[in-house]
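*Asks:* For reference, the structure I am asking about is given below.
The values are calculated or read from the model by the stated rules, or taken from the named source; none is laboratory data. It should be emphasised that the depicted structure is a prediction, and the values quoted were computed from it without experimental measurement. Reconstructed Cβ throughout: ideal geometry from the backbone, glycine too, with neighbour counts over all protein chains shown. These accessible areas exclude ligands, DNA and RNA; they are computed on the full protein's heavy atoms, side chains included. Shrake-Rupley method; radii C 1.70, N 1.55, O 1.52, S 1.80 Å.
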Amino acid sequence: MSSPDPDLRSRLEHARDAGSLVRITRSFTDGWEDGYVLSLGPDLVLLAVVGHGIRFDGYQVYRLADISRLDDPAPHSAFVESALNLRGLARPSTPPVHLDSLPDLLRSATAAFSLVTIHTEDEDPEVCWIGQVVETHPDRVVLRHITPDASWDDLPDSYPLDEITRIDFGGSYENALWLVASSADQTNGSTS
């Protein structure tokens with residue numbers, strides 16, 4: 001892993017203020033994410049993700065300490081931005097989430113979006129958990145899971161906050177899960 005960029009915060013602030021498409025590479029993956037920096041907290045950054053299909057695909061929040069590289073502008077940004085413009089896709093506005101701390105983020109993301117995804121990439125970069133935040137504590141979050149079949153697990157699970165490396169919300173997969181789960185709830189006459 002490369003050493004942290006001492007100017008990372010100021011570079012992210014510049015990208016946010018300039019509205020430039022960036023590429024963020026983190027220490028947990030061989031890949032990267034392209035998107036627009038929308039907001040910064042003391043230790044977190046909010047990105048409006050541009051997916052590989054060159055469409056907006058929700059939001060991701062990363063810990064600043066995990067960012068190993070920032071490309072501003074992202075490679076091929078002129079092409080990507082032209083495609084977005086020609087498709088009539090405007091940069092999403094900043095959602096009403098709070099980046100002051102991970103508990104603040106989790107509470108506000110759950111209030112603003114139906115589902116959130118948490119990643120603990122230090123533990124296992126291939127696994128994530130999707131659901132609704134039931135409660136937050138200073139050191140952990142309790143999440144009610146939704147399965148890949150869009151059904152709800154009976155019991156929630158708890159995750160240490162210091163193991164969470166990324167939070168996603170508002171993406172196409174989360175939205176599809178919620179659509180199917182909501183439809184099943186209405187068909188069964190139950191509420192979740």
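*Asks:* Rounded to the nearest 20 Debye, what is the dipole magnitude of segment 1-145 about its Cα centre when Lys and Arg each give +1 and Asp and Glu each give -1 at the C-beta?
*Replies:* The dipole of segment 1-145 has a size of about 520 debye.
*Asks:* Any idea what Rg and Dmax come out to for segment 1-48 if you just take the C-alpha atoms, in Å?
*Replies:* Considering segment 1-48 through its Cα atoms, Rg and Dmax are 10.7, 28 Å.
*Asks:* Something else: By the scheme Lys and Arg +1, Asp and Glu -1, what is the net charge of all other residues having a beta-carbon under 9 Å from that of I67?
*Replies:* After counting each charged neighbour, the total is +1.
*Asks:* How much area per residue is accessible in segment 62-192 when the probe is 1.4 Å and only protein heavy atoms are counted (Å²)?
*Replies:* Value for segment 62-192: 54 Å² per residue.
*Asks:* For the chain, modelled as a GNM with alpha-carbon contacts under 10 angstrom, which of Y173, Y36, Y62 fluctuates the most?
*Replies:* In this elastic network of the chain, the residue with the biggest mean-square fluctuation among Y173, Y36, Y62 is Y173.
*Asks:* Also, I was wondering about something else. Can you find, among P95, A83, T117, the residue sitting farthest towards the positive end of the charge dipole of segment 31-141, where Lys and Arg contribute +1 and Asp and Glu -1 at Cβ?
*Replies:* About the Cα centre, the residue reaching furthest to the positive side is A83.
*Asks:* Pick the calculated log10 I(q)/I(0) by the Debye sum over Cα atoms at q = 0.08, 0.18 Å⁻¹ for this structure from (i) -0.25, -1.14; (ii) -0.45, -1.23; (iii) -0.27, -1.27?
*Replies:* Computed from the coordinates, log10 I(q)/I(0) by the Debye sum over Cα atoms at q = 0.08, 0.18 Å⁻¹ corresponds to (iii).
*Asks:* Around G171, what is the net charge, scoring Lys/Arg as +1 and Asp/Glu as -1 over all other residues with Cβ under 15 Å from its Cβ?
*Replies:* Combined, the nearby Lys, Arg, Asp and Glu give -3.
*Asks:* Oh, and also: What size of dipole, in debye to the nearest 20, comes out for segment 62-105 about its Cα centre when the only charges are +1 on Lys and Arg C-beta atoms and -1 on Asp and Glu C-beta atoms?
*Replies:* The calculation lands at about 180 debye.
*Asks:* Right, another one. Please report, as a whole percent, how much of the solvent-accessible surface of the chain comes from carbon and sulfur atoms (probe radius 1.4 Å).
*Replies:* That fraction is 50 percent.
*Asks:* Follow-up question, since we're still on this one. What length, rounded to one decimal in nm, is gained on full extension from A112 through to S182, with 0.36 nm per residue of separation minus their alpha-carbon distance?
*Replies:* Length gained, A112 through S182: 23.6 nm.
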